[in-house]
Number of protein chains: 2
Amino acid sequence: MKNVIPLEELRSRDPKSLIKSADGFLLDWDGCCAIDNVLVPEAAVFLRAHQNRLAIVSNNSTHTPDEMRAILDKSGIELPPERILLAGMFAIKRARDLGLNRAMIIGSPAMKALAQRSGIEVVREEAQVVILMRDTRVTYAALERAANCLVGGAKLVVANPDGSHRGANARIRLETGAFHAALEAAVDLSQAETEIIGKPSEGFFREACRIIGTSPHRTVMLGDNPDTDIKGAVQIGMPCLLVAPTPQEFFARLI
Amino acid sequence: MKNVIPLEELRSRDPKSLIKSADGFLLDWDGCCAIDNVLVPEAAVFLRAHQNRLAIVSNNSTHTPDEMRAILDKSGIELPPERILLAGMFAIKRARDLGLNRAMIIGSPAMKALAQRSGIEVVREEAQVVILMRDTRVTYAALERAANCLVGGAKLVVANPDGSHRGANARIRLETGAFHAALEAAVDLSQAETEIIGKPSEGFFREACRIIGTSPHRTVMLGDNPDTDIKGAVQIGMPCLLVAPTPQEFFARLI
């Protein structure tokens, strides 16, 4: 691990000068650019000003890049789809890249359709891989089938490690990590190959930098979650800014 | 911890003499007396011979004692309902004994009805207690409501700690402990009062002994699960026998 900037130093550094000196930016979506998929106006100003050198990097595993592009488009921000990196989409891509084409998927209908369009056969039993994403319609039966696929030797790809996130009115929303914990309690996963895709996973940040064509230590991560956004950036020596106390206040100070 | 008999010593002890010298017996249900709720004939012989001094002690949280009594009745074994101790039923009893009468329940319709008959108000939000049992119809929304009740200060009563059990064809069946793990991943339970009812919990064994009127070190636990049946018995100094390799073979040797 090289070029790690201690968090304290980062906090004391002037955000404006850090932004000015950066080659590019990675931005979290929920709680940073948007609240419940409504773009924060102050964040929109930042996105518009830097749209040629940024990527969205989000642990969201229920939406497709097209859905977020539509939201950005309405505010006059044009972002090519490859610069919207979502953990769910990358989990599917990862299974396909590994050649694991028979997948049992815990995920929304939109994500299952995305998997099928990318050439994956979506199966209920005897899968080569279990892809775990946030699924608000998950059933007991689906989790049980996933457990049995894993006992049968399937690899496990988890879209993100988050156990929950806060929704409107600070209400707890169950996340992918909660399903992962349930499966870990049900079956011995010590022998199963498990890969966790989203932030703070190093590969996710590096892929985003590759796409916008910058090196990690010349790119700034902006996010509101210390455990994923900040931890992930720090571990690969990427400067980062904690979006706090609210995205409105944070981005207003940068303008 | 007094009077703990090392497992090795237990294994070498003659099961027949242990049975002969005991004042009473606690028997596990699944994988011991019954397989998928069908009574094992060899176990039935044992149950019939000792029916005046035994209790069933099971981590089952989906059935009521009446359902098991009906199965026993058919084989001519009469067991009063209080001598069938099931973890689900005891989780409900525990909440009621604590005076926590507004409960959010993850559990089967039969168990929710049992809770209501015992004077508990079954609510969806703002519960005083979350009672967690095995529920094959559990939804994402129900787990999310449970998480929010816990964040709101509800106590957590977990029927049993099992993450899974094996059903027919050795298929993994998700158990209560898997839901518990999901909630632990979603919310910080370090501040929540959590009580786990079923085996290996000490109280569950002691209550069974109280009901049949024996002391733990003069009672023998018979069960197939080293983590719950054997561990629970050993920790209170109760002699125990591991029902293996199958209940048929085990009980045939005792007859």
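The distance between label points at residue A:207 and residue B:254 comes to 5.6 nm (points 7 Å beyond Cα on the Cα→Cβ vector).
For peptide B:137-148, compute the average count of partner chain beta-carbon atoms within 10 Å of each residue's beta-carbon.
Details: counts 3, 5, 5, 10, 4, 0, 5, 8, 2, 2, 7, 7.
Partner Cβ neighbours, averaged per residue: 5.
Working note: Karplus 6.51/-1.76/1.60 with θ = phi - 60° gives segment B:210-219 the couplings 4, 5, 8, x, 10, 8, x, 7, 10, 10 Hz, where Gly and Pro are set to x.
Projecting the Cα atoms of B:99, A:252, A:106 onto the dipole axis of the protein assembly as shown, where Lys and Arg carry +1 and Asp and Glu carry -1 at the beta carbon, places A:106 farthest toward the positive end.
Secondary structure note: in segment A:1-134, about 15% of the DSSP beta bridges are antiparallel. In units of the compact-protein estimate 2.2 N^0.38 Å, the protein assembly as shown shows a Cα radius of gyration of 1.16. Have a look at the DSSP beta bridges in chain B and tell me what percent are antiparallel, nearest 5. Beta bridges within chain B, antiparallel portion: roughly 15 percent. Looking at the square roots a ≥ b ≥ c of the eigenvalues of the Cα gyration tensor of segment A:88-196, which shape do they give, rounded for a/c under 1.5, prolate if a/b is larger than b/c, or oblate? Oblate is the answer for segment A:88-196, as a/c is 1.5 or above yet b/c matches or exceeds a/b. Note on residue A:45 and residue B:49: their simple-model spin labels are 8.6 nm apart, each label 7 Å out from Cα toward Cβ. Only beta bridges with both residues in the protein assembly as shown are counted; by DSSP, about 15 percent of them are antiparallel.
From the Cα gyration tensor of chain B, with a ≥ b ≥ c the square roots of its eigenvalues, which class applies: rounded if a/c is under 1.5, or else prolate if a/b is larger than b/c, or else oblate? Can you show the working numbers first?
On the way: a/c = 1.92, a/b = 1.74, b/c = 1.10.
Prolate, because a/c is 1.5 or more and a/b exceeds b/c.
Computed from point charges on the beta carbon alone (+1 for Lys and Arg, -1 for Asp and Glu), the dipole magnitude for the protein assembly as shown about its Cα centre is near 160 Debye. The charge dipole of segment B:103-197, taken about its Cα centre with unit charges on the Cβ of Lys, Arg, Asp and Glu (plus for the first two, minus for the last two), comes to roughly 520 debye. Of A:211, A:230, A:196, which is the most mobile in a GNM of chain A whose springs link Cα atoms less than 10 angstrom apart? Result for chain A, Cα springs under 10 Å: A:211 fluctuates most. Mind checking which of A:232, A:99, A:198 has the largest fluctuation in a GNM of chain A, springs on alpha carbons under 10 Å? Sorting by GNM fluctuation, first place goes to A:99.
Which links in A:16/A:74; A:20/A:199; B:74/B:112; A:155/A:199; B:112/B:199; A:74/A:155 stretch past 30 Å when you go from one Cα to the other? Could the numbers behind the result be given before it?
On the way: A:16/A:74 27 Å; A:20/A:199 25 Å; B:74/B:112 27 Å; A:155/A:199 20 Å; B:112/B:199 22 Å; A:74/A:155 40 Å.
Those over the limit are A:74/A:155.
Ordered by the count of other Cβ atoms within 10 Å of each Cβ, fewest first, B:53, A:145 give B:53, A:145. Once the C-beta distance of residue B:17 and residue B:101 is scaled by a Förster radius of 51 Å, the resulting FRET efficiency is 0.60 to the nearest 0.05. Taken along the Cα-to-beta-carbon direction at a fixed 7 Å, the label points for residue A:113 and residue A:189 span 2.9 nm. When the Gaussian network model of chain B links Cα atoms closer than 10 Å, the mean-square fluctuations of B:94, B:69, B:117 top out at B:117.
Taking square-rooted eigenvalues a ≥ b ≥ c of the alpha carbon gyration tensor, is segment A:178-233 rounded, prolate or oblate, where a/c under 1.5 means rounded and, failing that, a/b exceeding b/c means prolate? It comes out prolate by the Cα gyration axes.
Values in this text are rule-based calculations from the coordinates and carry no lab data. Computed from a predicted model, the values in this text were never measured in an experiment. So basically every Cβ, Gly included, is an ideal-geometry build from the backbone, and we count neighbours across all protein chains shown.
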